[in-house]
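Contents: one structure, followed by commentary.
The values are calculated or read from the model by the stated rules, or taken from the named source; none is laboratory data. Everything numeric here is computed off the predicted structure, so don't read it as measured data. As a convention, Cβ positions derive from the backbone with ideal geometry for all residues, glycine included, and neighbour counts pool all protein chains shown.
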């Protein structure tokens, strides 16, 4: 699901433009199905979605008037992400001729496809939609774009990695476009476990909420949660633009910080919209917390993965400091206080 969200942010189609929940769900299903497979296959699956053509105002692609809307998004955002020449843009548009959206389905008309030779990225020859997909997926610039975005997603938003650092992963990804392999390499690297990657990313609203829910093995009403996440700036299925969510510091302002605090309090409340479905006290009992550590220490390890900053530890109630006895109400207060901390908002 983490990679599905990554690709949803990359191929950022929105219900605002598609206006068809079924088509958008098909798009998300394609992202999920190929999230850790071959990028060639993923890009091909995305280019077979009516939602993409609708979202980019490319319902009709006749031979007489090649439509450059979708090719521009493909070349400038989804793949190469560099300076694209007018000739390359025109060649890509000609490659997509013959494709039309009718009755919310994608249809191909062979007589409307431009069969002529096309000069694209330094190569000349016949090229259709499949050929365009292959050329984009296999290009070095696409590998550089995706590896850099994955680095920002998993390791750090604060430091821009050097080309030298990313070069081995870019070379490997350019060679086979194996998404799982490059992600595995990144997550197993010394860099991922180094201070350079420690709390160097501001959690998105989705990551913030799931960082509370998953450690407690909880299940909460998703419709209500989706509404609350939208209020915090991340309306799933509705990225603000085709560039996705800007993220990083854009996630945090006075309004959203207060909103995160209120969401945390609501999630831990014994009543209300989430109905007391998250119980840190019960979670502690399930792992035998009382037998080996104080309540605050259990919560530090659960939500902050290790020693808390000294200043944060001082704010914890003295009643529990060093004690193995704690009531359920105070346990909820402790949990809500921890997830409201600046440290918890970082990944």
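Scanning for something in contact with a strand residue (DSSP E or B) (Cβ under 7 Å, 6 or more places away or on another chain) and either assigned to a helix (DSSP H, G or I) or at pLDDT 70 or above (or both), does the stretch 314-322 turn up at least one residue?
Here is the first cut: in the stretch 314-322, the residues in contact with a strand residue (DSSP E or B) (Cβ under 7 Å, 6 or more places away or on another chain) are none.
No; the residues of the stretch 314-322 include none that is in contact with a strand residue (DSSP E or B) (Cβ under 7 Å, 6 or more places away or on another chain) and either assigned to a helix (DSSP H, G or I) or at pLDDT 70 or above (or both).
Of everything in the stretch 71-92, what is touching a strand residue (DSSP E or B) at 6+ places or on another chain (Cβ under 9 Å) and either more than 16 Å from residue 116 (Cβ to Cβ) or surrounded by fewer than 16 Cβ atoms within 10 Å (Cβ to Cβ) (or both)? Give them in sequence order.
87
Considering only the stretch 142-170, state which residues are surrounded by fewer than 18 Cβ atoms within 10 Å (Cβ to Cβ) and within 22 Å of residue 84 (Cα to Cα).
Selection gives 148, 149, 163.
Which members of the stretch 58-77 meet the condition of being in a helix (DSSP H, G or I) and in contact with a helix residue (DSSP H, G or I) (Cβ under 7 Å, 6 or more places away or on another chain)?
70, 71, 72, 74, 75
Residues in the stretch 18-27: is at least one out of contact with any strand residue (DSSP E or B) (no Cβ under 7 Å at 6 or more places or on another chain), part of a loop (DSSP other than H, G, I, E, B) and surrounded by fewer than 19 Cβ atoms within 10 Å (Cβ to Cβ)?
yes
Can you find a residue that is within 27 Å of the chain's Cα centre (by Cα), modelled with pLDDT under 95 and closer than 17 Å to residue 133 by Cα anywhere in the stretch 84-100?
The answer is yes, given that some residue of the stretch 84-100 is within 27 Å of the chain's Cα centre (by Cα), modelled with pLDDT under 95 and closer than 17 Å to residue 133 by Cα.
It is to be established whether one or more residues within the stretch 102-109 are out of contact with any strand residue (DSSP E or B) (no Cβ under 9 Å at 6 or more places or on another chain), crowded, with 17+ Cβ neighbours inside 10 Å and outside the structural domain of residue 244 (by TED's automatic domain parsing).
The answer is no, given that none of the residues of the stretch 102-109 is out of contact with any strand residue (DSSP E or B) (no Cβ under 9 Å at 6 or more places or on another chain), crowded, with 17+ Cβ neighbours inside 10 Å and outside the structural domain of residue 244 (by TED's automatic domain parsing).
Can you give me the number of residues within the stretch 270-286 that are part of a loop (DSSP other than H, G, I, E, B), surrounded by 16 or more Cβ atoms within 10 Å (Cβ to Cβ) and in contact (Cβ under 8 Å) with a residue 60 or more places away in the chain?
2
When residue 192 is evaluated against the numbered criteria (1) farther than 21 Å from residue 82 by Cα; (2) surrounded by 12 or more Cβ atoms within 10 Å (Cβ to Cβ); (3) at pLDDT 95 or above, which criterion, by number, is the only one it fails?
(3)
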